[in-house]
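Have a look at the structure below before the remarks.
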Amino acid sequence: MRKALRWLLALTVLIGTLSTAGSATAAQPEATDIKDRLLAIPGMSLVEEKPYTGYRFFVLNYTQPVDHRHPSKGTFQQRITVLHKDVSRPTVFYTGGYNVSTTPSRREPTQIVDGNQISMEYRYFTPSRPAPADWTKLDIWQAATDQHRIFTALKPVYDQKWISTGGSKGGMTATYYERFYPRDMDGVVAYVAPNDVVNREDSAYDEFFANVGTEECRDRLNGVQREALVRREPLEQRYAAYAAENGYTFKTVGSLDKAYEATVLDYVWGFWQYSLLSDCDTIPADAKNATDEEIWTSIDTIAGFSFYTDQGLEPYTPYYYQAGTQLGAPTIVFPHIERKYIRYGYLPPRYFVPRDIEMQFQPWAMRDVDRWVRTNARQMLFVYGENDPWGAEPFRLGKGARDSYVFTAPGANHGARVAGLVDSEKALATAKILEWAGVASASVQADPSAAKPLAKFDAKLDKRGVERTLRP
């Protein structure tokens with residue numbers, strides 16, 4: 001009997017040892033340093049790692065085909081960043097639709113779910129541009145497939161739920177990604193995403209500018225804009241001196257005169273895109289009696305006289321190429337300005353792309369996306385700002401949409417966020433983001449009004465700087 005007991009005890013110890021060894025073996029990949037796991041992905045290389053308390057932050061390059069339909073026809077290095085918290089947390093896939101920042105930052109959904117964040121630089125924005133650049137490979141499907149390959153490569157490392165997000169052109173990008181790869185993400189949060197379905201029909205923008213804010217504010221802005229064109233000659237002399245002093249040229253747009261008018265015509269749009277109604281007090285109240293200096297300063301502060309120079313336009317060539325081939329671009333009228341003062345009108349994207357780059361518009365591209373969202377949207381959230389001109393043509397949901405929402409933040413501009421929604425919508429939006437990310441508590445599932453971001457606000461990670469460019 002004693003021998004039998006000793007044998008049973010030995011067997012138990014042996015099984016326990018094997019079980020422990022097996023557990024250690026199974027856990028080994030989780031114990032591997034996250035940098036090693038990322039760099040073990042084929043095509044992934046490290047640019048740099050930057051420290052940040054509570055996270056690991058990596059700037060990486062990922063090898064992408066120039067043409068996903070023909071991968072053998074060359075590759076380029078696409079820059080991404082990884083804000084790593086823990087592989088057990090959900091992951092937010094972010095792109096702004098332009099260059100990626102190499103400074104650690106956290107988008108609102110990332111704060112809400114307390115997760116990891118993958119940020120992607122949009123193809124053809126330098127340095128993520130093939131050389132030589134075949135511009136015909138810059139389209140929404142190729143960019144969506146960039147995201148799909150990145151997601152596929154990183155999903156084995158970050159195997160929890162994923163949510164895609166982006167603001168403005170990034171919100172558009174997140175939507176296009178969902179249209180082409182609807183099985184990748186568990187949810188989409190698209191901020192201030194324009195939806196120019198019919199490029200030639202832009203009356204929604206004219207209606208927006210006729211009613212936004214207050215009459216007093218509109219009159220102030222319209223007065224300064226008109227006066228800048230009335231005083232075109234002396235202010236263009238100043239513009240020429242300003243350009244000469246800074247080495248600015250105007251080959252792409254065609255002339256200093258065109259650049260001047262384009263800047264002035266952007267003025268009212270630019271105010272509502274980045275300012276609030278409360279900022280109207282900064283606009284000269286009596287434009288006709290304002291000094292040239294006051295008119296110049298107001299236009300330059302809001303619209304920026306450096307933008308339509310060759311040097312200002314060059315970084316945005318990929319955007320204007322897409323606007324002129326697929327995305328569309330608004331054309332607005334200026335009823336408060338006599339026709340004799342407007343020489344060119346709102347210029348189309350062709351004027352902002354070097355002439356050696358061919359462009360042909362594809363009117364079906366946005367119609368296809370719009371139709372898909374209306375009939376197939378699943379777990380998609382669109383957030384707009386009430387006073388943002390880019391929201392004049394928003395995405396809308398149709399009868400085929402499921403568990404999807406369009407919310408508008410009152411009084412908000414192009415920086416609208418979930419936090420700026422009315423309380424009931426803010427709670428519902430937050431609860432849905434938590435639910436889609438798989439981290440909604442039982443109390444939140446039972447009562448969405450209890451939903452709150454899981455991570456505390458971090459002034460460095462979560463504060464948004466304003467980049468004053470009038471692109472979406």
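The requirement of being free of Cβ contacts under 8 Å to residues at least 60 places away in the same chain, charged (D, E, K, R) and in contact with a Leu (Cβ under 9 Å, 6 or more places away or on another chain) is satisfied by ARG79.
Checking each residue in segment 188-216 for being touching a helix residue (DSSP H, G or I) at 6+ places or on another chain (Cβ under 8 Å), open to solvent by 40 Å² or more (accessible area, probe 1.4 Å) and of a type outside the set (A, V, I, L, M, F, W, C) picks out ASN199, GLU207, THR214, GLU216. Could you pull out the residue among PHE271, PHE307 that is in a loop (DSSP other than H, G, I, E, B) and within 23 Å of the chain's Cα centre (by Cα)? Step by step, each of PHE271, PHE307 is checked, and only PHE307 is in a loop (DSSP other than H, G, I, E, B) and within 23 Å of the chain's Cα centre (by Cα).
Scanning segment 217-253 for residues that are farther than 26 Å from PRO348 by Cβ, surrounded by fewer than 13 Cβ atoms within 10 Å (Cβ to Cβ) and in contact with a helix residue (DSSP H, G or I) (Cβ under 7 Å, 6 or more places away or on another chain) turns up just one, PRO234. Counting the residues of segment 160-179 that are out of contact with any Phe, Trp or Tyr (no Cβ under 6 Å at 6 or more places or on another chain) and part of a helix (DSSP H, G or I) gives 9. The set of residues in segment 376-413 that are over 30 Å from THR214 (Cα atoms), among the hydrophobic types (A, V, I, L, M, F, W, C) and either part of a loop (DSSP other than H, G, I, E, B) or open to solvent by 30 Å² or more (accessible area, probe 1.4 Å) (or both) comprises ALA377, ALA401. Note on segment 254-268: among residues that are of a type outside the set (Lys, Arg) and more than 25 Å from the chain's Cα centre (by Cα), the one that is surrounded by the fewest Cβ atoms within 10 Å (Cβ to Cβ) is SER255. With the requirement that a residue be more than 30 Å from TYR122 (Cβ to Cβ) and open to solvent by 50 Å² or more (accessible area, probe 1.4 Å), what does segment 449-472 give you? Selection gives SER449, LYS452, LYS456.
Within segment 340-375, if we keep just the residues that are of a type in the set (A, V, I, L, M, F, W, C) and open to solvent by 60 Å² or more (accessible area, probe 1.4 Å), the residue that is nearest to VAL188 (Cα to Cα) turns out to be TRP364. The residues of segment 64-117 that are hydroxyl-bearing (Ser, Thr, Tyr) and open to solvent by less than 10 Å² (accessible area, probe 1.4 Å), listed by number, are THR81, THR91, THR95, THR110. Looking only at segment 118-140, decide whether some residue is open to solvent by less than 20 Å² (accessible area, probe 1.4 Å) and in a helix (DSSP H, G or I). There is at least one residue in segment 118-140 that is open to solvent by less than 20 Å² (accessible area, probe 1.4 Å) and in a helix (DSSP H, G or I).
The values are calculated or read from the model by the stated rules, or taken from the named source; none is laboratory data. The shown structure was predicted, so the numbers you read here are calculated from the model rather than taken from an experiment. Counting neighbours? That spans all protein chains shown, and the Cβs are built from the backbone with ideal geometry, glycine included. Protein only, heavy atoms only, side chains kept; ligands, DNA and RNA dropped before computing areas. Shrake-Rupley method; radii C 1.70, N 1.55, O 1.52, S 1.80 Å.
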